[in-house]
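Coordinate-derived values only; no laboratory data. Model, not experiment: these values are computed from the prediction. A quick note on method: Cβ atoms are made from the backbone with ideal geometry, for glycine too, and the neighbour counts reach across all protein chains shown.
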Amino acid sequence: MSRVGRRPIAVPPGVEVLIEGSRVAVKGPRGELARSFFPDLSISLNDGVITVSRPTDSRIHRSRHGLTRSLLANMVEGVSSGFQKNLELQGVGYRAQQSGDNLVIQVGYSKPVEIAPPEGITLGIDGPTRIMVSGIDKERVGEVAAEIRGVRPPDRYLGKGIRYSGEVVRRKAGKAGKVGRKK
């Protein structure tokens, strides 16, 4: 049996879960999320605990069992506490500014790049070189953070670019060139 799939999900106080067949709606203090899951898996709510069970031990049911449980746990955590990804800008002259809800970043291009957040996602800055992406849907928060990072990914040679907080960029050695060479 799936180790991830068999773990129960505790529903915190203030979070309501509505299960209608294979569709689950979760409502909490930060917002509301709804999603349809695989109809062959059974999702049940008993005494504030959500459990996911599968009908057989076939390969497809085993793989969907853990996935369904993880997606449900992310929904419950999202509406109760939310998710946040932090990004850092590294490079001379690289900076971010808030313009209303939009984010304007200058990362070495001829013009600044303006990023508008999709619905349900908030963009913020913490100083000129730190960007915060937050929301209740873990998938969308990660997707928006990856799009922002994709504007200028970290360079392997100089280390400049946009990176996740705590991300380690393996630097490559440049050309040896004429330094230290004898004639």
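Points worth noting:
- Residue ID - farthest from Gly166 (Cα to Cα), chosen from residues in the range 56-88 that are more than 18 Å from the chain's Cα centre (by Cα) and not polar (S, T, N, Q): Asp57
- Here Ile105, Ile136, Ile148 are screened, and the one residue that is closer than 28 Å to Gly5 by Cα, surrounded by 11 or more Cβ atoms within 10 Å (Cβ to Cβ) and touching a residue at least 24 places away in the same chain (Cβ under 8 Å) is Ile136.
- Tabulated pairs, the range 1-20, first within 16 Å of His61 (Cα to Cα), second of a type in the set (Gly, Ala, Ser), C-beta under 8 angstrom, 6+ apart or interchain: Ser2/Gly66; Arg3/Gly66; Val4/Gly66; Val4/Ser70; Gly5/Gly66
- In summary, Ile162 fulfils each of the numbered conditions (1) within 30 Å of Val17 (Cα to Cα); (2) surrounded by 13 or more Cβ atoms within 10 Å (Cβ to Cβ) with the single exception of condition (1).
- Those residues of the range 24-67 which are assigned to a helix (DSSP H, G or I), out of contact with any Gly (no Cβ under 7 Å at 6 or more places or on another chain) and either buried (at least 19 other Cβ atoms within 10 Å of the Cβ) or of a type outside the set (S, T, N, Q) (or both), in sequence order: Arg59, Ile60, His61, Arg62, Arg64, Leu67
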